[in-house]
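Okay, so here's the structure we're looking at.
The values are calculated or read from the model by the stated rules, or taken from the named source; none is laboratory data. None of the values given here were measured: they were computed from a predicted structure. So basically every Cβ, Gly included, is an ideal-geometry build from the backbone, and we count neighbours across all protein chains shown. Just so you know, the surface numbers come from the protein's heavy atoms only, side chains and all, with ligands and any DNA or RNA stripped out. Shrake-Rupley method; radii C 1.70, N 1.55, O 1.52, S 1.80 Å.
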Amino acid sequence: MAQRTASVTITAAILAALLAAVACVPDAARRDADLAAIARWQDRRLAPRDSLTALLASADAHVRLAAVRAAGLIGRNDIVDELLATLGDASPSVCGEACFALGILGDTLAVPALEAVSRAGKPALRLAALRGLAQVPNRGAALLDAAATGDPEAAAAAWDGLRNQVDNVPRDALLPALQAGLTAAEPEVLWQVL
């Protein structure tokens, strides 16, 4: 009897695991339809007016990622608020792509959010935010902070971004940062400073 109970328990556990696995798999047909709709956005003449905004809220991370990427690539600066909301997405890939898309769009409303991610996000998200800040006109505060960190990858990304923002960064902050950057031991950082 104990052996039969154990067998039933194991069988039930296996069935529960299989059902959970199936429930986590996105609906392939739905994903294909959503990705096709996003592809239509790349040709604005074929795109339904509000479909991209709806796809940013999809339950499927792949669809959200494609929607964020499309928004940046086609210059949808009318949905900056929706893109800012994706910075809190559960998928780090979606968040990183949102940083880049916001940078491409160049709307200064994105600067505070990108600065916050560049200072507090995970390392990959911090880099994405720094790369986004490189494209948006800003005074370079977060870029200067990242340039002064001990993280060579973040410092190199920050210096790359500061090159684009040099006309916006206050000289009294930029000159000491340049002097410190020229003493960097890491060649990837020094190369970006130069």
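Got at least one residue in region 132-139 being in a helix (DSSP H, G or I) and open to solvent by 20 Å² or more (accessible area, probe 1.4 Å)? Checked against the condition, which is being in a helix (DSSP H, G or I) and open to solvent by 20 Å² or more (accessible area, probe 1.4 Å), region 132-139 yields no hits at all.
Just one of VAL111, VAL169 is of a type in the set (Val, Ile, Thr) and either touching a strand residue (DSSP E or B) at 6+ places or on another chain (Cβ under 9 Å) or not in a helix (DSSP H, G or I) (or both); which is it?
Numbers: VAL111 fails: either touching a strand residue (DSSP E or B) at 6+ places or on another chain (Cβ under 9 Å) or not in a helix (DSSP H, G or I) (or both).
Sole residue among the options that is of a type in the set (Val, Ile, Thr) and either touching a strand residue (DSSP E or B) at 6+ places or on another chain (Cβ under 9 Å) or not in a helix (DSSP H, G or I) (or both): VAL169.
For ARG126, state whether it is among the basic types (Lys, Arg) and either surrounded by fewer than 17 Cβ atoms within 10 Å (Cβ to Cβ) or more than 30 Å from VAL94 (Cβ to Cβ) (or both). Judged against the criteria, ARG126 is not a match.
Tell me, yes or no, whether region 32-54 has at least one residue that is at pLDDT 90 or above and assigned to a loop (DSSP other than H, G, I, E, B).
Within region 32-54, the first condition is being at pLDDT 90 or above, and the residues that meet it are none.
Checked region 32-54: no residue is at pLDDT 90 or above and assigned to a loop (DSSP other than H, G, I, E, B).
Looking for something surrounded by fewer than 21 Cβ atoms within 10 Å (Cβ to Cβ), in contact (Cβ under 8 Å) with a residue 24 or more places away in the chain and small (Gly, Ala, Ser) - is there at least one such residue anywhere in region 165-173? Yes; the residues of region 165-173 include at least one that is surrounded by fewer than 21 Cβ atoms within 10 Å (Cβ to Cβ), in contact (Cβ under 8 Å) with a residue 24 or more places away in the chain and small (Gly, Ala, Ser). Considered as a group, the residues in region 87-108 that are in a helix (DSSP H, G or I) and polar (S, T, N, Q) include one that is surrounded by the most Cβ atoms within 10 Å (Cβ to Cβ), and that residue is SER93.
Being within 19 Å of THR86 (Cβ to Cβ), open to solvent by 20 Å² or more (accessible area, probe 1.4 Å) and either touching a residue at least 60 places away in the same chain (Cβ under 8 Å) or part of a helix (DSSP H, G or I) (or both) is the requirement here; does VAL117 meet it?
Working: within 19 Å of THR86 (Cβ to Cβ): yes; open to solvent by 20 Å² or more (accessible area, probe 1.4 Å): yes; either touching a residue at least 60 places away in the same chain (Cβ under 8 Å) or part of a helix (DSSP H, G or I) (or both): yes.
Here the answer is yes, as VAL117 does meet what is asked.
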